[in-house]
Structure formats: C-alpha cells, structure tokens
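The values are calculated or read from the model by the stated rules, or taken from the named source; none is laboratory data. These figures come from a predicted structure and were not determined experimentally. Neighbour counts are summed over all protein chains in view; Cβ atoms, including those assigned to glycine, are modelled from backbone coordinates with ideal geometry. For the accessible areas, the whole protein counts, side chains as well, though only heavy atoms, and no ligand, DNA or RNA atoms are used. Shrake-Rupley method; radii C 1.70, N 1.55, O 1.52, S 1.80 Å.
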Amino acid sequence: MIKTIGRYALLTTLAVLLAGCISDQQPAPVDQAGGAGTPQQPTPVQPQQPVPEVPSVPTLPQQQPGPIEHQDQTGQPAPRERHFDWNSAVQPMVGKMLQASGANAGSVLLVDSVNNRTNGSINTGEATGVVRNALANNGKFTLVTEQQLAVAKQQLGLSPQDSLGTRSKAIGIARNVGAQYVLYSSATGNVNAPALQMQLMLVQTGEIIWSGKGAVQQH
C-alpha cells in the first residue's frame, strides 16, 4: 500500500513539472490572414531613385606652375657676328691718299659712310669709324663733322642713319656742306674675306683723283 502511494506521488510530481515546462514555452506568432478566400495583395515596391554623385573638388597646390613656354623651333638661327681688322687695311691706304698730288692741302673733306657691297652682313659703322679716326689729325684736310653731316642729311630729307650709297649722292651732300673733296669707301667681295676700296673724288667735277684697295682680315 505504501509503495502504491509513493509511486503515485512520484507520478504527480512529474506531471506538475511537465506542466510548468509547457506553460513557459510561448507559442510562435501566427500571421493574421486577411480573410478566408481573400488573396493577399503584394506590397508595391517603390523604385529606388539614383543618388546624384557630387564631383569632388581637386585640392589646388599652394603655388600654381607658370605657363609652359615652347621655344620656336622654326626660327632661323641668328647670323654669326663677324669682327674685322679694319685698321690694318685703312692705315696704309690713308697714308698713300694724303700723299696724292691731286689733293690740295687745307681743303674740306667729307668722309662718306663705308658701303657694304659684299655677299653678306658686316658692321659698316665700325669700318666708317676706323676711317674717320685714321684721318682725325691728318694735317692736310679739314674733316666735315658728323654733326654737320647730320644737318645736311636733314636738309635733303635723309635720316641721320642713311648711308649715302652712291657717288652722286655723296657729292651732293659734300656740296651742301661746302666740301671740296669726298672720300667714298666700300667693302666688296666675299664677306668672310672682304676688300676695302677707297676713292678720293673732286666734288666740283666728280673726278677720281686717287683710289686704293686693301684686304681686310677677320679677327
């Protein structure tokens, strides 16, 4: 009898324990149906709008580089500047000219600019300066000053830098300044080894009373 009661008590305890475990478990949620026989409407999907992309602003350097300059590759190279020993050619010729018998001492002499008759470019201003320096204290002729020559050119409508160029123009200028003689000079031949030609002319008649020629060497 006692064994029967004990077995019953054990079964009762187990039943209570099982009931407590079942009550602790929560039932899973059940989706509510819209109604019997009514199909469920799908939820419309909203199209996603593309998000505009904002371009990033590049970071500027502290110092902006300057513009790139391209050298002109099509330009012609500058001509090589030549230097000549004019004095070695001028001095001997001036000495011979001063000894010419057809020139009267005490006369006025106009020194024309040296004219370029070569096949290249030369510094005629340098050559003219050498000729004038060689005649600076010649003791026979009085030279027309550069200022007097510039005034005469202005009166004839010529620029101060104008080279007389021709013998007739040189004689016309000489008459304007009251000179009796004019020294006409020109560089001729090859520009790498030119020759200097000098002619002493009588202004009144245009007669050449002395002429000389000398080679000019490069430095």
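Taken over the stretch 130-143, the criterion of being without any contact (Cβ under 8 Å) to a residue 12 or more places away in the chain and either surrounded by 15 or more Cβ atoms within 10 Å (Cβ to Cβ) or touching a strand residue (DSSP E or B) at 6+ places or on another chain (Cβ under 8 Å) (or both) is satisfied by 136 alone.
Identify all residues within the stretch 161-187 that are modelled with pLDDT of 90 or more, open to solvent by less than 30 Å² (accessible area, probe 1.4 Å) and not aromatic (Phe, Trp, Tyr); write none if there are none. Once the filter is applied, which keeps residues that are modelled with pLDDT of 90 or more, open to solvent by less than 30 Å² (accessible area, probe 1.4 Å) and not aromatic (Phe, Trp, Tyr), the stretch 161-187 yields 179, 182, 183, 185, 186, 187. Take the residues of the stretch 198-219 that are of a type in the set (S, T, N, Q) and surrounded by 11 or more Cβ atoms within 10 Å (Cβ to Cβ): which is farthest from the chain's Cα centre (by Cα)? Within the stretch 198-219, the match that is farthest from the chain's Cα centre (by Cα) is 204.
Consider only pairs whose beta carbons are under 6 Å apart and that are at least six residues apart or on different chains; among these, list those whose first residue lies in the stretch 70-95 and is closer than 17 Å to residue 138 by Cβ and whose second residue is at pLDDT below 75. Qualifying pairs under 6 Å: none. For the stretch 126-140, the set of residues classified as at pLDDT 90 or above and either under 17 Å from residue 219 (Cβ atoms) or out of contact with any Leu (no Cβ under 9 Å at 6 or more places or on another chain) (or both) consists of 126, 127, 128, 129, 130, 133, 134, listed by residue number. Scanning the stretch 91-129 for residues that are within 21 Å of residue 205 (Cα to Cα), of a type outside the set (A, V, I, L, M, F, W, C), open to solvent by 20 Å² or more (accessible area, probe 1.4 Å) and more than 48 Å from the chain's Cα centre (by Cα) returns 99, 101, 102, 104, 106.
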